[in-house]
Amino acid sequence: PHVCGVTMLKGLRTCAVRSLPGALALARTFAAVVPQPLDHSKLVVQKVTDHKPIPPLDQMKFGRSYSDRMFAVAWNREKGWGVPTIKPLEDLVLHPASSVLHYGLETFEGMRAYKDPQDRIRLFRPEKNMARMNRSNARLYLPTFDPIEFLECIKELLRLEKNWIPSKDGYSLYIRPTTISTEPYIGMGPASNALLFVILSPSPPYYAEPVSLLADPTYVRAWPGGTGNHKVGGNYAPAILPQVEANAQGHGQVLWLFGEEGYVTEAGTMNIFVYWTNENGERELITPPLSDGTILPGVTRESILELVNNWKEIPAREKCISCVSVSFSYC
């Protein structure tokens, strides 16, 4: 390897002496293909001419209506991030071989924007969502981004769509950042082209009443070493059939269990907490631990643990919950 390196260096030195313009052109070529970072200062905002009516609060349904604008930016492995753009909401155009359609190379986040009493836009710990999305993207070998730059793009989109944020308590504007592979390749391999986009949807309270859970070990949501601790599309499609079956039995959601001990992991698409009296007669708030990678590290979950422990009224702990050792009436 040392001899090879010397030979290459000699070759480059000879090239530079014989043709300086050629060497400069080569250097410019290499500089041109340095991957570009996501940069919100380059954000382009396109004009919207067709404004849709905002649905009344009493007709609002989760995920059924969308604001006038969306954010999108393309990515290429050699060139990096393209020009970030806020534009009118439009359909995506994808090659039918795009690997997102065949192998589920897709990640997403779920965030909400609110209005405070002073009519200011509020977000809840959005930097946590940015960090989690980067972890999810890295797990699928999709592009990561500068979280501050991406969040600034989202904030600008929200400022433009402020009238879509409901003011009533419990209502919000749901924010769905998504990364998909647009690589037109049906072989198994990493994406060299991707799209990062954001759409907005006005949303009522997700649950207006208590939710009944079906604890059934027939189906498993995630397993150690998988992707259960990342927000990827492949975690959710297999959960639709168990959800339908739970609904048919009169339940609102599935209580996901894992292993022979029936360890509780999540409830539907949510983290779960149990407030109970433990075997020592102590009142405590517990939630399953993240250690085996089967549970999504929720922003609300982390916040509840921090708040309750700071209050110091009851302990909040990460603790395994088994539906074998505990009565199902408590599950």
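Filter segment 65-80 for residues that are over 19 Å from the mean Cα position of the chain (by Cα) and either at pLDDT below 95 or of a type outside the set (Asp, Glu) (or both) and give the result.
Result: Ser65, Ser67, Arg69, Asn76, Arg77, Lys79, Gly80.
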*The lone exception for Pro177 - which of (1) outside any loop (DSSP other than H, G, I, E, B); (2) surrounded by fewer than 17 Cβ atoms within 10 Å (Cβ to Cβ); (3) of a type outside the set (A, V, I, L, M) it fails*: (2)
*Taking segment 283-295 as the search range and keeping residues that are more than 15 Å from Leu255 (Cβ to Cβ) and in a loop (DSSP other than H, G, I, E, B), which one is least open to solvent (accessible area, probe 1.4 Å)?*
Gly293
*Does any residue in segment 62-78 that is at positive phi come within less than 6 Å, Cβ to Cβ, of a residue that is part of a strand (DSSP E or B) and buried (at least 18 other Cβ atoms within 10 Å of the Cβ) six or more places away or on a different chain, and which pairs are these?*
Gly63/Ser201
*So which of Gln249, Gln243 ends up being open to solvent by 50 Å² or more (accessible area, probe 1.4 Å) and among the polar types (S, T, N, Q)?*
Gln249
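Please pick out the residue among Val211, Val254, Val274, Val232 that is out of contact with any Gly (no Cβ under 9 Å at 6 or more places or on another chain) and within 29 Å of Asn129 (Cα to Cα).
Working: Val211 fails: out of contact with any Gly (no Cβ under 9 Å at 6 or more places or on another chain); Val254 fails: out of contact with any Gly (no Cβ under 9 Å at 6 or more places or on another chain); Val232 fails: out of contact with any Gly (no Cβ under 9 Å at 6 or more places or on another chain).
Among Val211, Val254, Val274, Val232, only Val274 is out of contact with any Gly (no Cβ under 9 Å at 6 or more places or on another chain) and within 29 Å of Asn129 (Cα to Cα).
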*Filter segment 198-223 for residues that are open to solvent by less than 50 Å² (accessible area, probe 1.4 Å) and under 25 Å from the mean Cα position of the chain (by Cα) and give the result.*
Val198, Ile199, Leu200, Ser201, Pro202, Ser203, Pro204, Arg221, Ala222
*Spot the failing condition for Gly259; the list is (1) over 25 Å from Glu109 (Cβ atoms); (2) touching a residue at least 24 places away in the same chain (Cβ under 8 Å); (3) surrounded by 13 or more Cβ atoms within 10 Å (Cβ to Cβ), and only one is missed.*
(2)
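Would you point out which residue out of Ser167, Ser172 is closer than 26 Å to Lys47 by Cα, out of contact with any helix residue (DSSP H, G or I) (no Cβ under 9 Å at 6 or more places or on another chain) and open to solvent by 60 Å² or more (accessible area, probe 1.4 Å)?
Values: Ser172 fails: open to solvent by 60 Å² or more (accessible area, probe 1.4 Å).
Within the list Ser167, Ser172, the selection yields Ser167.
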_Search result, residues across segment 44-98 that are among the charged types (D, E, K, R) and open to solvent by less than 90 Å² (accessible area, probe 1.4 Å)_ = Lys52, Asp68, Arg69, Arg77, Lys87
*State whether one or more residues within segment 144-159 are open to solvent by 10 Å² or more (accessible area, probe 1.4 Å) and in contact with a Lys or Arg (Cβ under 8 Å, 6 or more places away or on another chain).*
no
*Would you mind finding the one in Pro190, Pro166, Pro205 that is part of a loop (DSSP other than H, G, I, E, B), at pLDDT below 95 and not aromatic (Phe, Trp, Tyr)?*
Pro205
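Condition check ((1) within 28 Å of Ser99 (Cα to Cα); (2) assigned to a loop (DSSP other than H, G, I, E, B); (3) of a type in the set (Gly, Ala, Ser); (4) at pLDDT below 95) across all residues:
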site	(1), (2), (3), (4)
Pro224	yes, yes, no, no
Pro238	yes, no, no, no
Asn247	no, no, no, no
Gly250	no, yes, yes, no
Trp276	no, no, no, yes
Asn280	no, yes, no, yes
Pro297	yes, yes, no, no
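The values are calculated or read from the model by the stated rules, or taken from the named source; none is laboratory data. A quick note: this is a predicted structure, and the numbers were derived from the prediction, not measured. All Cβ positions, glycine included, derive from the backbone under ideal geometry; neighbour counts span all protein chains shown. The area values use the complete protein model at the heavy-atom level, side chains included, leaving out ligands, DNA and RNA. Shrake-Rupley method; radii C 1.70, N 1.55, O 1.52, S 1.80 Å.
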